[in-house]
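The values are calculated or read from the model by the stated rules, or taken from the named source; none is laboratory data. Computed from a prediction, not measured in an experiment: that's the story for all the values here. Backbone-built Cβ (ideal geometry, glycine too); neighbour counts: all protein chains shown.
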């Protein structure tokens, strides 16, 4: 332009530039940063398993609470809590993005802590749980998947974060 102002040629085409005159708004880097694809590839298997566990744990808990709550209230409520945690992880994996990855990371960590705590308690004092929970005996009733899932989830989320960081570095390197 005649006055020396640069016009953006980015896809947005809004004509705004940052102070350095690069043709990008200050928020472009964050808005255009690639989404962390945590529900793709092996993440899709995790997403599917968490979806199945959500339905299984919540269904089991709802039926047990509705029909025999007085028999083992702690066990049935813990199964419900496990189902809710699984549901949050499922949604986070499905949604993707950095914020969802962080939510999934916190929930997988809480899930692992819960499995270890409940698994240990059921081995040390089985009378505390007159009926099994999803996490009893480290998930033996579910082929130990309640123990394996959060570990696999944490490893996958860590890998997805590294991959997103590398993609951002490549993107900023190609713009320079």
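Structure data summary
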| item | result |
| --- | --- |
| Where a residue in segment 51-79 is in contact (Cβ under 8 Å) with a residue 24 or more places away in the chain and its partner, wherever it lies, is in a helix (DSSP H, G or I) and exposed (fewer than 14 other Cβ atoms within 10 Å of the Cβ), with Cβ under 7 Å and at least six apart | 76/69 |
| Single residue of 75, 100, 51 found to be within 17 Å of residue 134 (Cα to Cα), at pLDDT below 95 and assigned to a helix (DSSP H, G or I) | 75 |
| Residue in segment 113-124 that is modelled with pLDDT of 90 or more, under 10 Å from the mean Cα position of the chain (by Cα) and surrounded by fewer than 18 Cβ atoms within 10 Å (Cβ to Cβ) present | no |
| Unmet requirement for residue 152, which otherwise passes all of (1) closer than 25 Å to residue 72 by Cβ; (2) at pLDDT 95 or above; (3) touching a helix residue (DSSP H, G or I) at 6+ places or on another chain (Cβ under 7 Å) | (1) |
